[in-house]
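Structure, as structure tokens:
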Amino acid sequence: MNDKTDKEPEKIPEIVTDQERDLAQNALAEFKKKNYVACLQHISKLDSRTNDLKVIHNKAIVEYYKTDFKKTEQFQKNLTSLCNQFKIKVEKLDDIDHCVVQFNQAILLYHQRQYTQAQRIMDRVYKFIEPMDESLAKQVSLLAIELQLCLRQPEKALTLINYLENNLIYGGSIPLKGLDKSGKEKKVQLPPPKPLSEEFEKKLLKYKMRCYLMNHSMTTAIKEIQLLLKDKCNIDAMFLAANIEYLKGNFKESVKILTSIPNECLVYGECGESSTVLFYNNMGVIHHAMGKPNLACHYFQMALKEDTNITQSNAKKENNEKPLYTLGGSKYHELMYNLGISLLHTGRPSQAFECLLIAVRRYHRNSRLWMRLAECCILVHKETNETDFDILKKQKELIVEVIGSKEKQKIVLTSNLSKDKKYSSESQSYAVPVPSLEFASLCLRNAALLIPSDTALPPVPLFLIPGVTPPAPPPSPGPSPSSPLSLEGIATLRNGILIASSYVSLCLGDYIMALEYSRELLQQPRISGIHKLLAHLYAAECLVLLDKISEAIEYLNPDHVKDISFQLPVEEEKSEESLIKTNPPPKWFPNTLSSAHAVMQYNIAVAKTIRGQLDQAATLLKQIWQQKSTMCKVPAHIIMLVIYIELQLGHTDIARNLIRQYSFQHRISG
């Protein structure tokens, strides 16, 4: 019954007279000549066809063209009105004419940088790709490809490119191979290929290059770029070539290519892109990779200044004066992201935090971005480990005060050599966006939730089966504005989030969770040497604080840590990811394996001291001290621990001698 009541009576199509057909043909001819005024005059004579979707839609299109794509708001209202009048819904697309209306809606959303909404429309429109005429099919395919690249989905974009090529060159899908009676593979006769225009081939090749660079298929990219570089005036090819050299680690060559690109080759008012902004941003990225974050910050600030000038000059115009391609052209959030990362590397975490906070408002589904925000909070809390190994500096802080003189002299030692900030037990909101450890905890939870899947899913034939609606893909975390992560990148990101979560929980007094994070990290199939070291140290500290000394000492065995590299263990097969060399030189302390082992042994001595095994602790500390050299830095806290042990053993004379030996600014009597 419901089906009958919901079904609308079918409308009888209006008969088209010869005169109306001639008017439509004349309008099309004028449109192709870009004579939009004359085209509009012809279409206006068809106003009597009030129920003709094509007439009303085409009139709205011509009016928009006539304004040089400036009255976008009015055009959007016309399309919405059209959809309401003819009851066109994205969820129920069943007509090619309806697809054209939705395709134009998707174009507007794309230029307004609403990529996800645009993609939802294109998912539906693409189902009708086969019955479309070739010209429309090309445009629909190119927008679908562009949207996948904007959403950082290069594999899906490549699938669409291959499908488009098969359709255009061979007039459909390539036949599947089969077997003959003898079981041998049949030779399939391909239909004769249709030649594509040179311009269209170049366009597809540029899209392929962007896909290859995004998923780091360097071998293919290096091979294909040569075809584009044959045209010396191809600006896109030069930017792509510079990108390839950057990814290979040839930074000087990349800079050379960038500086050879003409300054004003891309003007924002003409194409929605500024070559000046692109140049400064790319120079910033290159210098960051070279390990020059301060210079990188300078370039990013120059890019931001140029972008702001363009945005402000564009903002002075009325909405009706802004061309469509300039509506979403600002690179402000991407530049703030880049600037934030470089500021973090320069040791200015508070400023980096402010920049990344702006970026995360737009890219709130980016796992790495949330982790970087947490790292800013951690660095505000503790800037570096290096000060804890500066024995000369810590010696000066050992004695707070000397009271009296000679026999009645009293020495007041510092209660804590470490200057780490202590967090109060008062509850503080985790949701307040300030560089605190509480907010870091929230950021790391978000980062963990948004880690991309590392299971290789079978390729889904998106929109490629005509007449069949594909299942809605599950919402996946978006890597924008970053490139998608490789499996190695995902593993490194997960490990980084786990170790940062362990540290933050430890600092906030949540020892159970900190221990869980460390143990989970140690169970990962691939883990770098530095993460393994930290996981053992944090797990041991948690167990000490939970009064499980024996378990803690097991974690502190130096044999657990064989290296302190940042790289994951190398697999037998080298992936193309190994060709990528864009990481800046690491800054980490302790930076030698012997120093790392000294830290672990020092922590064993602490654990033994707490357990009352003072003689064993003293012997171990002596061994550590003897290892001290330029290649083996030892924690400055070792002096305080030795003095404490000697006092506990009743060796006050030895303790006094140690204090006299390691104190410069105070005169201590014998």
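What to note about this one:
- Restricted to segment 548-564, and to residues there that are within 38 Å of the chain's Cα centre (by Cα) and assigned to a helix (DSSP H, G or I), the residue that is nearest to M600 (Cα to Cα) is P558.
- In this structure, L149 does not qualify as touching a helix residue (DSSP H, G or I) at 6+ places or on another chain (Cβ under 9 Å), among the aliphatic types (A, V, I, L, M), more than 14 Å from Y207 (Cα to Cα) and surrounded by fewer than 20 Cβ atoms within 10 Å (Cβ to Cβ).
- When segment 441-451 is limited to residues that are within 18 Å of the chain's Cα centre (by Cα) and of a type in the set (A, V, I, L, M, F, W, C), the one that is farthest from G489 (Cα to Cα) turns out to be C443.
- Which listed residue is at negative phi and either modelled with pLDDT under 90 or assigned by TED's automatic domain parsing to the domain that holds G328 (or both), from D123, D133: D133
- Figure legend. Inter-residue proximity from segment 381-405: first residues surrounded by 13 or more Cβ atoms within 10 Å (Cβ to Cβ), second residues assigned to a helix (DSSP H, G or I) and of a type in the set (D, E), beta-carbon distance below 9 Å, spacing 6+ or different chains. Indicated pairs: K394/D388.
- Selection from segment 243-260 of residues that are crowded, with 17+ Cβ neighbours inside 10 Å and not basic (K, R): N243, I244, E245, Y246, L247, F251, S254, V255, I257, L258
Quick grid of which residues meet (1) surrounded by fewer than 23 Cβ atoms within 10 Å (Cβ to Cβ); (2) not in a loop (DSSP other than H, G, I, E, B):
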residue: S482; (1), (2): yes, no
residue: I490; (1), (2): yes, yes
residue: L498; (1), (2): no, yes
residue: S502; (1), (2): no, yes
residue: L521; (1), (2): no, yes
residue: R526; (1), (2): yes, no
residue: L534; (1), (2): yes, yes
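- The C-beta contact set for segment 344-362 (first residue among the aromatic types (F, W, Y), second residue buried (at least 16 other Cβ atoms within 10 Å of the Cβ), distance under 6 angstrom, 6+ apart or interchain) comprises F353/C376; F353/P435.
- Top-ranked residue in segment 450-478 [being touching a Phe, Trp or Tyr at 6+ places or on another chain (Cβ under 9 Å) and within 21 Å of L369 (Cβ to Cβ); ranked as modelled with the lowest pLDDT]: G478
- Matching residues, segment 301-351, being charged (D, E, K, R) and surrounded by 15 or more Cβ atoms within 10 Å (Cβ to Cβ): E306, D307, K322, K331, E334, R348
Conditions tested, residue by residue: (1) surrounded by fewer than 16 Cβ atoms within 10 Å (Cβ to Cβ); (2) more than 30 Å from M218 (Cβ to Cβ); (3) touching a helix residue (DSSP H, G or I) at 6+ places or on another chain (Cβ under 7 Å); (4) at pLDDT 95 or above.
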residue	(1), (2), (3), (4)
M513	no, yes, yes, yes
Y517	no, yes, yes, yes
A540	no, yes, yes, yes
L543	no, yes, yes, yes
P558	no, yes, yes, no
E576	yes, no, yes, no
P590	no, yes, yes, no
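- Helices (runs of 4 or more DSSP H) contained in segment 614-662 and holding at least 1 residues touching a strand residue (DSSP E or B) at 6+ places or on another chain (Cβ under 9 Å) and crowded, with 18+ Cβ neighbours inside 10 Å: 637-648, 652-661
The values are calculated or read from the model by the stated rules, or taken from the named source; none is laboratory data. Everything quoted here is computed from the prediction, not taken from an experiment. In this analysis, Cβ positions are derived from the backbone assuming ideal geometry, glycine residues included, and neighbour counts consider all displayed protein chains.
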